[in-house]
Structure formats: structure tokens, C-alpha cells
Amino acid sequence: MKTISRMMMTAVLLLVALTVYGQDKHSETYIRQRIATIYQGVGKSTYDADGNRVDYIQSPFNRDSAYCSQQYYALMKQALDICDKTDDVLFDYDHWVCGQDFSDDWSCKVAKVYNVTDSTALVDLVIHNFSDNETTIALRFERGDWYVDDFSPTDDGEDDKAYFRRIISEYDTKNREH
């Protein structure tokens with residue numbers, strides 16, 4: 001009986017190891033699952049320990065630090081710090097919900113995963129927030145998984161990271177002159 005139990009336990013552990021460690025994290029299926037994980041809870045309301053409704057925007061969980069690439073988050077944080085000093089607004093919308101508010105029926109669907117390399121991928125999303133909004137996000141593979149590297153990647157270089165760099169550069173130039 002002990003031998004059968006050990007064999008069953010070994011088989012289960014082997015199956016779990018193959019499932020977890022044998023995943024191709026560069027497959028379209030995995031990237032779609034990762035996006036579902038990242039966007040889970042975005043645009044939704046949750047409840048605190050006392051049963052009070054708390055919308056995710058006011059939640060202490062920092063979705064940007066958890067799900068954005070290190071480079072994107074560092075640039076965004078630096079640009080946010082500058083905007084705090086200058087009383088400017090970095091974003092006038094929430095880049096996760098594609099709007100200032102979110103509808104009760106907010107949703108996110110992956111339309112297409114493409115241009116997948118060892119370290120980057122593009123994903124077209126349809127975000128329903130009062131109406132359907134088509135958007136593209138860039139992903140970066142780092143720290144063993146996919147992270148959002150830009151919410152509005154463009155071919156002409158006028159993406160979020162370029163916007164952050166411009167704010168940082170203008171601030172640095174202005175402060176060198178004084």
C-alpha cells in the first residue's frame with residue numbers, strides 16, 4: 001500500500017512539475033493567460049474587510065509596479081515625481097481602464113498576440129469601458145514572465161516611454177538653466 005501511495009505521489013509531483021515548468025511562456029496561449037491575470041480585477045470593485053465597496057483605483061495594490069516592466073515603471077515613477085513637483089498631470093486617464101472612469105460592465109479581451117520574440121511581444125486588446133476601445137500594449141519578457149512595457153506603443157516613437165523621457169528631459173534642462 002505504501003509503495004502505491006509513493007508511486008501516486010511521485011506521478012502527481014511529476015505532472016505538476018511538467019505543467020508548471022514545462023510551459024512555453026512565449027506561446028500565444030500563455031501570453032493570453034498572462035494578460036488575463038494582469039487585467040484581472042482592473043475596472044472592478046472589490047470589498048474591504050468590513051464589507052465596504054472599494055474601487056480598484058483607490059486600492060493600495062500598485063498594479064503598475066506589479067505588472068509593468070522595470071524600465072517602464074522607473075520612467076513613469078520619475079515622470080510622476082516631476083509632475084508632483086511642478087503640479088502637472090502625467091495622465092488625465094487611467095491607462096489600465098482606458099478612461100477616467102470605469103463602467104460596471106468593464107472588460108478586456110485579447111484580440112491578437114503578435115511579433116513575439118525572446119524578449120518582446122505586442123498584444124491588441126479590446127477594452128470595453130462604456131464602449132469598445134481597441135488598443136495595443138507592448139510586453140517585455142523579464143524576471144521570468146511578461147510585463148507591460150508600454151500602453152501605447154507606436155512605430156513613430158511617440159509612445160508612453162517617449163512621453164516620460166520628454167518630461168524628464170524638459171525638467172532636467174529647465175533646472176540646469178536655473
A student applying the Cα gyration tensor rule (rounded when a/c is under 1.5; otherwise prolate if a/b is larger than b/c, oblate if not) would label segment 84-178 oblate
Answer in debye to the nearest 20: the dipole magnitude of segment 105-173 about its Cα centre, from +1 Lys/Arg and -1 Asp/Glu charges placed on Cβ, is 180 debye
For segment 68-135, which whole-number percentage of the solvent-accessible area (1.4 Å probe, protein heavy atoms only) is attributable to carbon and sulfur atoms?
-> 45 percent
Förster-model FRET efficiency, 41 Å R0, residue 172 and residue 109, C-beta, rounded to 0.05 | 0.55
With every protein chain left in place, what is the accessible area per residue of segment 68-167 in square angstrom, probe 1.4 Å?
-> 52 Å²
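The values are calculated or read from the model by the stated rules, or taken from the named source; none is laboratory data. In this text the structure is predicted, and so the values were computed from the model without any measurement. Here Cβ is always computed from backbone atoms with ideal geometry, including for glycine, and neighbour counts include all displayed protein chains. All accessible areas refer to the heavy atoms of the entire protein, side chains included, with ligands and DNA or RNA removed. Shrake-Rupley method; radii C 1.70, N 1.55, O 1.52, S 1.80 Å.
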